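**Student:** Take a look at the following structure, please.
Derivation of every value follows stated rules applied to the coordinates shown; laboratory data play no part. Since the structure is predicted, the reported quantities are computational estimates derived from the model, not experimental observations. All Cβ positions, even for glycine, are placed from backbone atoms using ideal geometry, and neighbour counts span all protein chains on display.
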Amino acid sequence: MRPALPALLALLTLLVLPLTASGSSRAEPTPGLPRPAGLPSPEADAAAAAMQAAVGIDGWERTGAVRWVFNGKRRHLWDRRRGLARVGWPEADGRQVEVWLEIGSRRGIAARDGAPVAEPEAAGLVEQAYAAWINDGFWLYPFDRFGGPEVERSVVDLPVDPAAPGDPQGGPPERGLLVRWLSGGLTPGDAYLWRVGADGRPAGWWMWVSVIPEGGVPVSWEGWEQLSTGAWVSTLHRFPSRELRLTEVEGATQLRRLEATDPFGALLGEISGDR
């Protein structure tokens with residue numbers, strides 16, 4: 001499966017822009033590369049645990065705060081201990097939007113070029129920020145989401161596809177970990193087939209996702225960097241016709257190691273005043 005270049009570029013643009021919280025961008029993937037069928041098994045559980053160990057899941061548990069820039073545009077600061085996030089991005093006219101939100105309640109405040117944004121516009125910006133956090137945070141570190149009843153794990157043969165980034169040349173099919181999220185996030189039902197490199201960390205995956213009509217898009221996982229907490233993050237993803245980069249990635253055990261002052265004071269004051 002290889003979509004025509006203009007169509008593929010349009011599809012990948014959807015992938016790296018905020019998804020709508022209403023799910024209006026959802027569409028069932030059509031067979032390009034059919035998704036392999038597999039059954040949950042102890043082998044799959046072991047493969048998932050081995051991948052988590054290779055990417056430093058214990059270090060991720062120690063990561064109290066992390067920040068990064070997604071694809072050169074969206075800036076994130078995630079206070080994992082308190083479940084808070086700050087997301088900023090440039091608008092088409094050059095103005096800068098910044099949103100502070102409480103992830104669990106999806107409540108927040110917004111500013112444009114430093115000036116507070118009033119309701120109801122602020123609510124729409126908060127929803128955009130939440131969708132961006134879901135998407136961009138998954139690209140940052142999806143490995144802590146492998147467990148739970150909403151996740152289906154199986155081990156299947158990898159596609160024989162020399163054109164795919166990170167795919168081996170020739171030889172018998174390798175086995176990979178197929179992970180499908182049955183619920184949660186903004187696009188439940190999405191599935192990802194991971195190919196593991198010699199170091200145990202992912203070398204790439206094939207995606208069957210609702211925001212891309214054709215199934216089996218191959219994407220590499222490269223540019224691995226280790227956070228100060230011990231967790232590993234992939235900073236470069238190659239698609240068939242473009243790249244996605246995560247830059248300025250920093251993690252710490254505590255937010256104060258990344259920010260001298262608490263950037264969520266105004267948000268917490270707003271939330272506590274409403275309760």
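**Student:** Would you mind counting up the charge near residue 64? Only other residues with Cβ under 10 Å from its Cβ, with Lys and Arg at +1 and Asp and Glu at -1. Please list the in-between numbers first.
**Tutor:** On the way: positive: 62, 80, 81, 82, 256, 257; negative: 61, 79.
Once positives and negatives cancel, what remains is +4.
**Student:** At 0.36 nm per residue, minus the direct Cα-Cα distance, what do residue 250 and residue 198 gain on full extension? Give it in nm, one decimal, please.
**Tutor:** On the way: separation 52, 0.36 × 52 = 18.72 nm, distance 2.53 nm.
Taking residue 250 through residue 198 to full extension adds about 16.2 nm, to one decimal.
**Student:** Using a cut-off of 11 Å between beta-carbons, work out the net charge of the residues near residue 245 (Lys and Arg +1, Asp and Glu -1, residue 245 not included). Write down the numbers at each step before the final one.
**Tutor:** Details: positive: 73, 238, 242; negative: 222, 243, 248.
Result for the neighbourhood of residue 245: 0.
**Student:** Could I ask something else about it? How far apart, in nanometres, would the label points at residue 45 and residue 242 be if each is projected 7 angstrom from Cα along the Cα-to-Cβ direction?
**Tutor:** A separation of 4.0 nm, rounded to one decimal place.
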